[in-house]
Amino acid sequence: MRFQALRRSVIRTGLDGLCAVRAGEVFGAQTRGMGAILMFHHVREPSSAAFRPNSHLEITPAYLTAVVRRVRELGMDIVDLDEAARRLAAPASSRRFVVLTFDDGYRNNLTEAFPVLKAEGAPFTLYVATGLVDGTAAPWWDVVGEIVARSSRIRVTIGGHPLERPTESCSQKERAVDALIAALIAVPEDEQRQAVEKAARDHGVDIGAMLREAMMDWDEIARLAADPLVTIGGHTVGHYALSRLPEPRAQQEIEASSARIEAMTGIRPRHFAYPYGSADTAGKREFSLAREAGFATAVTTRRGVLYPGHADRLTELPRISVNGDYQRLRYLDLLLSGVPYAIERRINRLRGRAAASASI
Ligand SMILES: [Zn+2]
């Protein structure tokens, strides 16, 4: 079994096990905290293709409606990020809340998500990577999927190493995507982009055309920005892993994206999302950069719910990914209970202790 598929089935088994013992209801009162920030990417109907390499990054409009209604049924408010920051600072007097966030600037956020959220009166934030809108950066994870989807064999060079794979069957395509991603995230950011651009050219993929179809243009973003339900946040220009850039360049990525959003919408962003947002791509240095850039909040993709202590760490907020491979409200209930994250923290602590005693 492919690693990703194995990982998915292990996670699903774990989540189902916790649902079966009603862990969220039993322990949630101690672990659920004050609320959560949910993370989405694409909102659209699934394609009928057997090979859907980024299916975890897409949910259906119907599931988005269900999520909004479920959050409110659970007695939680859907609020914007400024209100979330206020509530974190005043835990005693605040109702529990959820913030809805969408990364990158996909057009289906306008055509599919916005009608749902407008009808439900739910505020939300779009984190826009300005280079993806301006056509100066590539969503390389989508480009890789497209290259593999349309080829029966791929030949690429990454970091000076040739990588060649058959990509005829669906399982061959899935294995090839895993191999390409593993190779691409192991090389420096600029090398990664050059390798993807060359691979796209060699396999007949037009990145510009992909961007024009998939990403919103500035007119569309400005239209959304003018709606009182919508907050536009920064997400850098080139969607690079900031920790892998020299500090001045990381700073420039943040500053230039804010300036561009302000120029095109008339509103300077007050909120920010680190590209990728994992511990190895956004750490202490990046948290400081976001603070110094004047952002009121900045979100990571570190998993978890929000506690009062986050009021002192507003540029390192965790999020819950609403994963397209698990579109079930029982999973949402469980994740919002905070129980899986409390278990994860406990396991990490035990691992840390085991590692410490092993090294003595
Ligand atoms: Zn992103």
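FYI, it's all coordinate maths here, none of it is from the lab. Computed from a predicted structure; not experimentally measured. Every residue, glycine among them, receives a Cβ derived from its backbone with ideal geometry; neighbour counts consider all protein chains shown.
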- Considering the chain as a Gaussian network with a 10 Å cut-off on Cα pairs, which listed residue, Ile154, Ile320, Ile78, attains the greatest mean-square fluctuation? Ile154
- Item | Full-stretch length increase - Ala226, Ser48 - with 0.36 nm per residue and alpha-carbon distance subtracted | 60.6 nm
- Item | Karplus 3J(HN,Hα) series, Hz, for region 273-282 with 6.51 cos²θ - 1.76 cosθ + 1.60 (x for Gly, Pro) | 10, 6, x, 6, x, 7, 4, 8, 10, 9
- Separation between the Arg330 and Arg291 pseudo-spin-labels, each 7 Å from Cα along Cα→Cβ, expressed in nm? 4.3
- Helix-derived mean residue ellipticity, 222 nm - over the chain, DSSP H n ≥ 4, -39500 (n - 2.57), to 500: -15000 deg cm²/dmol
- Under 1.5 on a/c is rounded, so check that first for region 1-153, then, if it is not, pick prolate when a/b is larger than b/c and oblate when it is not; a ≥ b ≥ c are the square roots of the alpha carbon gyration tensor eigenvalues. oblate
- Note on the structure: region 140-208, convex hull of Cα, quarter of hull surface, nm² -> 3.9
- Relative contact order of region 167-298, pairs being alpha-carbon contacts under 8 Å that are 6 or more residues apart, as %: 21
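Based on the Cβ-Cβ distance of Arg155 and Arg349, what FRET efficiency does E = 1/(1 + (r/R0)^6) give at R0 = 51 Å, to the nearest 0.05?
So, using R0 = 51 Å, E works out to roughly 0.65.
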- Query: What residue among Ala49, Ala199, Ala256 shows peak mean-square fluctuation when the chain is described by a Gaussian network model with Cα springs under 10 Å?
  - Reply: Ala49
- In order through region 76-89: 3J(HN,Hα) via Karplus (6.51 cos²θ - 1.76 cosθ + 1.60), integer Hz, x for Gly, Pro: 9, 8, 9, 10, 8, 6, 5, 5, 4, 5, 4, 5, 4, 7
- Message: How large is the Kirkwood hydrodynamic radius of the chain, counting all unique pairs of alpha carbons, in Å?
- Response: 21.4
- Give, as ranges by residue number, the residues of region 286-327 whose backbone N falls under 16 Å from the point 7 Å along Cα→Cβ of Cys19. 322-327
- Query: Counting DSSP beta bridges in the chain, what percent are antiparallel, to the nearest 5?
  - Reply: 25
- For Met215, which sequence-distant residues (separation of 5 or more, or a different chain) have an amide H within less than 5 Å of its own amide H, given hydrogens modelled in the peptide plane? Arg107
- Would you please give the residues with an amide H less than 5 Å from that of Gly159, counting only those at least 5 places away or on a separate chain, with H modeled from the backbone geometry? none
- 3J(HN,Hα) from dihedral phi, region 247-258, Karplus parametrisation 6.51/-1.76/1.60, rounded to Hz, x for glycine, proline: 4, x, 6, 4, 4, 5, 4, 6, 5, 5, 6, 5
